[in-house]
Amino acid sequence: MRPIIWKYSEKIAEKILEGLENGLSLKSICQSDDMPSRATVHRWFRNDENFEARCAQARARGQDVVVDSHEDIEAEVRTGALDPQAARVILSSMQWRASKLAPKKYGDRLITENTVTVDVATELMDRLAAARRAKREG
């Protein structure tokens, strides 16, 4: 039976980090009876930004494991053990998750191009004309 209240311990934190690095979700890690609930882990996040950052980094590293498992799914399709449509849904979900949890590595690369046109001659002429008017009036 799970303890009602869990206190943060580095030993439990390391188990959580190891699970995340192995591609497991926090949900699946916390379903084990020897682990705290997700609500408890989220409370730990609120109280310890360092732990939250370490978990985010572990999740990102864990996406390598998830992406590597694509080969296993592809092999199951080739052998007929998995329906191609089911594989497509699974792979799409895995790719989406990887792009969100490790966007620098697996996210869509967006190229942004900015073009700025400055008409210096017109701006300069307007300023000179205003200066001349001010000089005549003043």
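The values are calculated or read from the model by the stated rules, or taken from the named source; none is laboratory data. Only a predicted model underlies this, so the values are computations on that prediction, with no experimental measurement involved. Note that we place each Cβ from the backbone using ideal geometry, even for glycine, and neighbour counts take in every protein chain shown.
In segment 85-110, the residues that are closer than 16 Å to D72 by Cβ form Cβ pairs under 8 Å with partners that are among the hydroxyl-bearing types (S, T, Y), at six or more places apart or across chains, as follows: M94/S69; Q95/Y106; A98/Y106. Selection of segment 16-36 for residues being surrounded by 15 or more Cβ atoms within 10 Å (Cβ to Cβ) and under 23 Å from R97 (Cα atoms) yields I16, L17, G19, L20, E21, G23, L24, S25, L26, I29, C30.
V116 passes every criterion in (1) modelled with pLDDT under 90; (2) assigned to a helix (DSSP H, G or I); (3) of a type outside the set (G, A, S) apart from (2). Being part of a helix (DSSP H, G or I) and at pLDDT 95 or above is the requirement here; does A53 meet it? Considered against the rule, which asks whether it is part of a helix (DSSP H, G or I) and at pLDDT 95 or above, A53 comes out as yes. Note on segment 35-57: residues that are over 19 Å from the mean Cα position of the chain (by Cα) and either closer than 24 Å to G107 by Cα or of a type in the set (A, V, I, L, M, F, W, C) (or both) amount to 3.
Only a single item in (1) over 21 Å from L101 (Cβ atoms); (2) in contact with a helix residue (DSSP H, G or I) (Cβ under 6 Å, 6 or more places away or on another chain); (3) at pLDDT 95 or above is not met by K11, and it is number (2). The listed residues are A81, A60, and the only one of them that is under 19 Å from the mean Cα position of the chain (by Cα) and either crowded, with 17+ Cβ neighbours inside 10 Å or part of a loop (DSSP other than H, G, I, E, B) (or both) turns out to be A60.
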